[in-house]
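Chemist: Below is the structure I would like to discuss, written out as structure tokens.
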Amino acid sequence: MLIQIIAVGRKMPTWVEAACEDYLKRMPREIDIQITAIALAQRKAKDSIDSYQRQEAAQIVKKIVPGSFSIALDEQGKQWASNDWAQQLEHWMQHYPRVNLIIGGPDGLDDECRQNCQQTISLGRMTMPHALVRVVLVEQLYRAWSLLKGHPYHRE
């Protein structure tokens, strides 16, 4: 299966790239995780937040393959424990060849983009930099796989 992380923002600090790469190389071959970075809408004094969100959503939609399962990351979404992530990953592996996890820009996701997703999740109530969200997301996917396989990475 393919898990595509669609994330607004292209230039990430070196530590983000290194951390994501570390977890990505640990994933088994049957789960291909790709990070697709899209450009942040150019901020101009005369434009509104809605305008930025719409511009970013237009780019996000271009990256979604029709028929794939899409999940928006949003502070209002459902929070999952690590065991929930494992259950979700198992469900995705059984039912969807392609899953999209969508991280919006600093202003969040466009309402229509979020509504077009089949699920909305949150990584918690705290605010995180978008760069850190990528790392946490990739780590949780690895942790979910390790839970499913009984790998010792996850210890309760």
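Chemist: Residue under question is Glu21, and the condition is that it be modelled with pLDDT under 95, among the charged types (D, E, K, R) and within 26 Å of Gly150 (Cα to Cα); does it hold?
Modeler: When the stated conditions are applied, Glu21 does not pass them.
Chemist: Now for a different question. Condition first: β-branched (Val, Ile, Thr) and over 20 Å from Glu21 (Cβ atoms). Now tell me which residues in segment 111-156 satisfy that.
Modeler: In the first step, residues of segment 111-156 are kept if they are β-branched (Val, Ile, Thr); the result is 120-121, 127, 133, 135-136, 138.
Thr120, Ile121, Thr127, listed by residue number.
Chemist: Taking the residues in segment 101-141 that are closer than 23 Å to Ile31 by Cβ and touching a Cys at 6+ places or on another chain (Cβ under 8 Å) as candidates, determine which candidate is surrounded by the most Cβ atoms within 10 Å (Cβ to Cβ).
Modeler: Ile102
Chemist: Moving on. With the requirement that a residue be free of Cβ contacts under 8 Å to residues at least 24 places away in the same chain and either buried (at least 16 other Cβ atoms within 10 Å of the Cβ) or charged (D, E, K, R) (or both), what does segment 1-24 give you? Outline the logic, then answer.
Modeler: In the first step, residues of segment 1-24 are kept if they are free of Cβ contacts under 8 Å to residues at least 24 places away in the same chain; the result is 11, 14-15, 17-18, 21-22.
Listed by number, the residues that qualify are Lys11, Glu17, Glu21, Asp22.
Chemist: Gln87 - would you say it is under 25 Å from Val61 (Cα atoms) and touching a Phe, Trp or Tyr at 6+ places or on another chain (Cβ under 9 Å)? Steps first, answer last, please.
Modeler: Details: under 25 Å from Val61 (Cα atoms): no; touching a Phe, Trp or Tyr at 6+ places or on another chain (Cβ under 9 Å): yes.
Criteria not met by Gln87.
Chemist: Working only within segment 62-78, note down all residues that are among the hydrophobic types (A, V, I, L, M, F, W, C) and more than 14 Å from the chain's Cα centre (by Cα). It would help to see each step written out before you state the result.
Modeler: At the first step, the residues of segment 62-78 found to be among the hydrophobic types (A, V, I, L, M, F, W, C) are 64-65, 69, 71-73.
Hit for segment 62-78 is Val65, nothing else.
Chemist: Give segment 36-59 a look and list any residue that's touching a helix residue (DSSP H, G or I) at 6+ places or on another chain (Cβ under 6 Å), within 14 Å of Ile103 (Cβ to Cβ) and touching a residue at least 40 places away in the same chain (Cβ under 8 Å), or say none. Write out each step before concluding.
Modeler: Residues of segment 36-59 that are touching a helix residue (DSSP H, G or I) at 6+ places or on another chain (Cβ under 6 Å), as a first pass: 36, 38, 41, 57.
Filter once more, keeping what is within 14 Å of Ile103 (Cβ to Cβ): 36, 38, 57.
Within segment 36-59, just Ala57 meets the criteria.
Chemist: Please give the strands (runs of 3 or more DSSP E) falling wholly within segment 67-138 in which 1 or more residues are among the hydroxyl-bearing types (Ser, Thr, Tyr), within 23 Å of Ser51 (Cα to Cα) and in contact with a strand residue (DSSP E or B) (Cβ under 9 Å, 6 or more places away or on another chain). Working first, answer last.
Modeler: Numbers: elements: 69-79, 98-103, 119-122.
Fully inside segment 67-138 and qualifying: 69-79, 119-122.
The values are calculated or read from the model by the stated rules, or taken from the named source; none is laboratory data. Quantities reported herein were computed from a predicted structural model and do not represent experimental measurements. Note: ideal-geometry Cβ built from the backbone for every residue, glycine included; neighbour counts use all protein chains shown.
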